[in-house]
Every structure is written in C-alpha cells, then in structure tokens.
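Presented below is the structure to which this report refers.
Coordinate-derived values only; no laboratory data. Owing to the predicted nature of the structure, the values given are computational and were not obtained by experimental measurement. No Cβ is skipped: glycine too gets one built from the backbone with ideal geometry, and neighbour counts run over all protein chains shown.
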Amino acid sequence: MSASQFDLRDKVAVISGCNTGLGQGMALALAEAGCHILGVNYSEPKDTKAQVESLDRGFVNIHADLRKTDAIKEIVETAVNHFGQIDILVNNAGIIKRNDAYDFTEEEWDDVLNINLRTLFFMAQAVARQYRKQGNGGKIINVASMLSYQGGVRVPSYTASKSGVMGLTRALANEWAADGINVNAIAPGYMATNNTEQLRKDPDRSQELLGRIPAGRWGTPNDMKGPIVFLASQASDYVNGFTLAVDGGWLAR
Ligand code: NAD
C-alpha cells in the first residue's frame, strides 16, 4: 500500500478548538498532509494559523462559542465560500468540569453537555447535509475519551457527554455510511493539555495515573497526528462507527 492513501492535498478540514492542545496537533497534522483548515475557535488561534500558513496551506478562523449552535450555518457557508467544499470535520472542542456529584450544578451539567455532545451532533448534521449536496461522501471524526468507556470520578457531565459521543458516532455511522460518509471517533487517553492540568498538578493523582499507563508517559498532541490523518484519509474508507483509543495502552490494562 502506498503513502498516497494518506495524501490529503487540497482537502478542506473544519476543526473546532484548534488554538491549543489536541485540536492544534490535529490541525497541524492535517495541514502537513495537505489540507486547508477552517478553524472554529473561542480563543484566537494565532499560533495555529501561523504554523498552517507556513506550510503554504490556507487557514480561516470563525470565532464561536460552541456551547450554542448559532454559528454552525456560518461555519459551513464560510468553508464552502472560501475553499469550495468540505471534506473532513473534526469535532474536537470540549470542556470538563470537576465537582462532586452531590454538589454538581445545572450549569456544570449544561455547559459540558452542550459543547461536548449537543453542538457536536448539530455540527455533524450540518456538515453531513453539505456532504450529501457535494455527492462524494466525507469524513467526520469526533473526539471521545477514556470516559466513553469508564465512569471517571467527579466528572459526571463529562462522562455522560463522552459516553454519548461514542454511541452517537456509531448511530451516525449506521445512517450515513451508505452515502460514503465515514463517522468515527478518537478516544485520547491521558494527554498533557489544559484539560488535564489539574490532574497533572496533583502529585498523588498524577502518579496514580502514570503508574497505570503501560506506555509510562502522558500523551501529547503529536500522538494524535497519525490517527487523525488515517481517519481523515482514503486509507480508512471501510472504517465506520469505530472509536480508536490513542491511550498508551490504558484500556488494555
Ligand atoms: P484544551 O482545553 O487544551 O482544548 C479544548 C479546546 O476546546 C480549546 O481549543 C478550547 O478553546 C475549546 N473550547 C472550550 N470551550 C469552548 C467554547 N465554549 N466554544 C468553542 N471552543 C471551546 O484540551 P484538549 O485536551 O486539547 O481537549 C481537546 C478535546 O480532547 C476535548 O474534546 C477533550 O474533552 C478531549 N480529550 C482530552 C483528553 C486529555 O487528556 N487532554 C483526554 C480525552 C479527551
């Protein structure tokens, strides 16, 4: 099999939350493989834009608060008007709130569910409708979590949302595979980003987690690069509804 199976030259990828962390790693991987990028961000993605443009790939940003769905129409229209089409959607933006289930507030529940699951669904729906219009399929990659498989501690809304992401990935794959749309997910393990800053700062919790990761280290945004290019490329055309763990062996343990 040739490397051209992974070539994404001039494909157009929409990716949420690519100013930092895993989203930035995935946006750079897609650009390195040839994609132009439409970023959807709450914070200015200056560094990502500069790095993508230094690869001679286009980068357009839409500012949006993805706790709400208002920006979705503009996101699809801008990608199509600017780049001509959409080929890849990466639903990456997500948040976590930590609190005892006894004390968890409605806001901590709603904010997390809204961005991690509700907006993710409506983004997928809007982009799949665009794929149907374009008539040649497309790729949707959702970002799940270890808490798509496990219960976690003090993160009830996050666990509910990420368990939902894995189920929804299967459900959408079942409906859209026949239209050439591949819906899959990546479940990162414990990765060194803002999302896990609190855990990494707690020496006991950090040691406990590290001791359980067979690879013996936290993951990094670079670890997402191979998996995202695989799921965004022709190489994965017969992979549907699957959640790929990128976890240094955490789930195997
Ligand atoms: P991060 O906090 O660095 O990134 C989160 C991204 O979401 C940022 O780009 C942020 O700007 C964006 N975002 C947050 N609130 C937003 C809002 N209201 N509107 C628009 N964008 C918003 O953390 P990360 O680890 O890079 O997280 C990326 C994804 O990976 C998330 O879905 C997260 O749940 C998931 N994940 C992370 C880990 C980990 O260990 N770091 C593990 C499993 C899953």
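Below are the figures for this structure:
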{"item": "Spherically averaged projected area of segment 114-253 from its Cα convex hull (nm²)", "result": "8.6 nm²"}
{"item": "Whole-Å semi-axes of the ellipsoid equivalent to the chain (Cα gyration tensor, √5λ, descending)", "result": "28, 20, 18"}
{"item": "Against the rule of thumb 2.2 N^0.38 Å, how large the Cα Rg of segment 123-182 comes out", "result": "1.31"}
{"item": "Degrees, to the nearest 10: 72-83 long Cα axis against longest axis of the chain", "result": "40 degrees"}
{"item": "The chain: angle of helix 156-176 to the longest principal axis, Cα-based, in degrees nearest 10", "result": "30 degrees"}
{"item": "Label-point gap, in nm, between V239 and S2 - each point 7 angstrom along Cα→Cβ", "result": "2.1 nm"}
{"item": "Projected area averaged over orientations for segment 7-107, convex hull of C-alpha atoms, nm²", "result": "7.0 nm²"}
{"item": "MRE, 222 nm, helices only [DSSP H, n ≥ 4, -39500 (n - 2.57), over the chain, to nearest 500]", "result": "-12000 deg cm²/dmol"}
{"item": "Convex hull volume per residue in cubic angstrom - Cα atoms of segment 206-253", "result": "85 Å³"}
{"item": "Mean separation of Cα contacts under 8 Å, 6 or more apart, over the residue count of segment 154-253: relative contact order %", "result": "40 percent"}
{"item": "Cα-Cα over 25 Å, subset of K49/K162; K162/K225; K11/K133; K49/K139; K11/K68; K68/K139", "result": "K49/K162; K11/K68"}
{"item": "Fully extended contour minus Cα-Cα distance, from D100 to V80, at 0.36 nm per residue", "result": "2.8 nm"}
{"item": "Ranked list, fewest to most other Cβ atoms within 10 Å of each Cβ, for W218, W109", "result": "W109, W218"}
